[in-house]
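Asks: Structure provided below as structure tokens; questions to follow.
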Amino acid sequence: MQNVNVRADTAQTDRLEVVSMKAMLGAEVRCGDLRKLDDAGIAALRQAWLDNLVIVVRGQTLSDPELMAFGRRLGDLDSAPLAKTGSEKARAHEEVIVVSNVMENGVPIGVLRDAEVVWHSDNSYRDVPLSFSALYALEIPPTGGNTGFANMYRALETMPADLRQRIDGLTIKHDMTYNSAGDLRDGFKPVADVRDAPGPSHPIVRTHAETGYNALYLGRRPNAYIDGLSVAESEELLNALWMHATQPHLTWHHQWKVGDLLIWDNRCVMHYRAPFDGGHRRVMHRIQGKGDKPTLRADAKAASHPRSRAEAR
Ligand code: OGA
Ligand code: MN
């Protein structure tokens, strides 16, 4: 456990506590009502997020405008325009995506249904993907629907040398056709050949623009393609990378309660959602922050990210 005493610039901030999960990533930040956090508190929370890759703040009561106002204190919001499948209800706020299985008059109120959501990093299929995503729980089912995270700093660091060598200098083409629940996005055609799937290429190893550490950057497995290889070679190498990157010891899974706000860093984690019984309602509101174009920098730090060190567990 790590305690951070936040010096109060205003009367509201008292104590912000960061409790690390017993895993390779993740922490609970205890800071009371997020709406009342002053600038020093926000800075400490943001640092806890960079240090732990994903944080959960529990017991919140946030309207959409309050969620957006909080998000803007972390960074510029993005509206993730391609998250639309086209069949769901129009968004009330462009920056707020509803993630839900609930139907109203035969129309889904949101995206991703009750399906398994395969491991992925949000919006990797864009030239400039997201920095953070923040998911706020309004209604949750009694069981199922846990959200898991995997530490991609650690995945890179623990990669067998021969595999690490094989990906040197390579890029992955990230398909934008389907979302992580397997639904076709609005305006896209099914993929016949992964080499023709629409989407940008990004380096397989990227340097985190804020922390300076390198991380493995895989995006999403379906329809991914490693540029320049035959499809068979690409499939074989991708399978080896994914086997390595999603091993349970690299992960932490969150069990939701109403009022939880989970904030993760798409530049250094992947996430996964377990399916749940569609007879129960799950309603989450998501905001997301603008990121940067993935790049591998020559001046990246050579050391391990502190949260990825064995003693941090
Ligand atoms: C997302 C996502 C997982 C979940 O919102 O980006 O992948 O737990 N959601 O609903
Ligand atoms: Mn996601």
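Asks: Looking at R58 and the list (1) modelled with pLDDT of 95 or more; (2) among the charged types (D, E, K, R); (3) more than 29 Å from Q247 (Cβ to Cβ), which single condition is not satisfied?
Replies: Of everything listed in (1) modelled with pLDDT of 95 or more; (2) among the charged types (D, E, K, R); (3) more than 29 Å from Q247 (Cβ to Cβ), R58 misses just condition (3).
Asks: Could I ask something else about it? Does S87 satisfy the condition of being outside any strand (DSSP E or B) and at pLDDT below 95?
Replies: Yes: the conditions hold for S87.
Asks: With the condition being more than 16 Å from R273 (Cα to Cα) and either in contact with a strand residue (DSSP E or B) (Cβ under 6 Å, 6 or more places away or on another chain) or touching a residue at least 40 places away in the same chain (Cβ under 8 Å) (or both), I'd like the strands (runs of 3 or more DSSP E) fully within region 130-198 carrying at least 2 qualifying residues.
Replies: Counting at least 2 such residues, we get 130-139, 171-173.
Asks: Let me ask something else. Sort out which residues of region 277-313 are within 13 Å of ligand 1 (Cβ to nearest atom) and under 14 Å from A134 (Cα atoms), and write them in order of number.
Replies: V283, M284, H285, R286, I287, Q288, G289
Asks: Got a sec? Which of S63, S87, S79 is hydroxyl-bearing (S, T, Y), under 16 Å from the mean Cα position of the chain (by Cα) and away from ligand 1 (no atom under 13 Å from the Cβ)? Step through it out loud before you land on a result.
Replies: Working: S63 fails: under 16 Å from the mean Cα position of the chain (by Cα); S87 fails: under 16 Å from the mean Cα position of the chain (by Cα).
Exactly one residue qualifies, and that residue is S79.
Asks: Inside region 99-109, can you point out the residues that are surrounded by 22 or more Cβ atoms within 10 Å (Cβ to Cβ) and more than 9 Å from ligand 1 (Cβ to nearest atom)?
Replies: N101
Asks: I'm checking my understanding of the structure. Among residues of region 86-98 that are β-branched (V, I, T) and in contact with a helix residue (DSSP H, G or I) (Cβ under 9 Å, 6 or more places away or on another chain), which one is farthest from V283 (Cα to Cα)? If you could, list the steps in order and put the result at the bottom.
Replies: Initial filter on region 86-98 (β-branched (V, I, T)): 96-98.
Then keep just the ones that are in contact with a helix residue (DSSP H, G or I) (Cβ under 9 Å, 6 or more places away or on another chain); that gives 96-97.
Numbers: V96: 12, I97: 11 Å.
Filtering region 86-98 for residues that are β-branched (V, I, T) and in contact with a helix residue (DSSP H, G or I) (Cβ under 9 Å, 6 or more places away or on another chain), the one farthest from V283 (Cα to Cα) comes out as V96.
Asks: Just give me the residues in region 36-49 being in contact with an Asp or Glu (Cβ under 6 Å, 6 or more places away or on another chain) and of a type in the set (A, V, I, L, M, F, W, C), in sequence order.
Replies: A40
Asks: Further question: For L34, state whether it is touching a strand residue (DSSP E or B) at 6+ places or on another chain (Cβ under 7 Å) and over 22 Å from H249 (Cβ atoms).
Replies: yes
Asks: Please count how many residues of region 110-122 are more than 9 Å from ligand 1 (Cβ to nearest atom) and within 10 Å of the chain's Cα centre (by Cα).
Replies: Residues in region 110-122 being more than 9 Å from ligand 1 (Cβ to nearest atom) and within 10 Å of the chain's Cα centre (by Cα): 2 in total.
Asks: Being closer than 24 Å to F70 by Cβ and within 19 Å of the chain's Cα centre (by Cα) is the requirement here; does R282 meet it? Working first, answer last.
Replies: On the way: closer than 24 Å to F70 by Cβ: yes; within 19 Å of the chain's Cα centre (by Cα): yes.
Yes.
Asks: Check whether at least one residue in region 269-276 is within 16 Å of ligand 1 (Cβ to nearest atom) and more than 15 Å from the chain's Cα centre (by Cα), and report yes or no.
Replies: Yes: one or more hits.
The values are calculated or read from the model by the stated rules, or taken from the named source; none is laboratory data. Please read these numbers as outputs of a predicted model, since none were measured by experiment. Cβ coordinates were reconstructed from backbone atoms using ideal geometry, including for glycine residues, and neighbour counts include every protein chain displayed.
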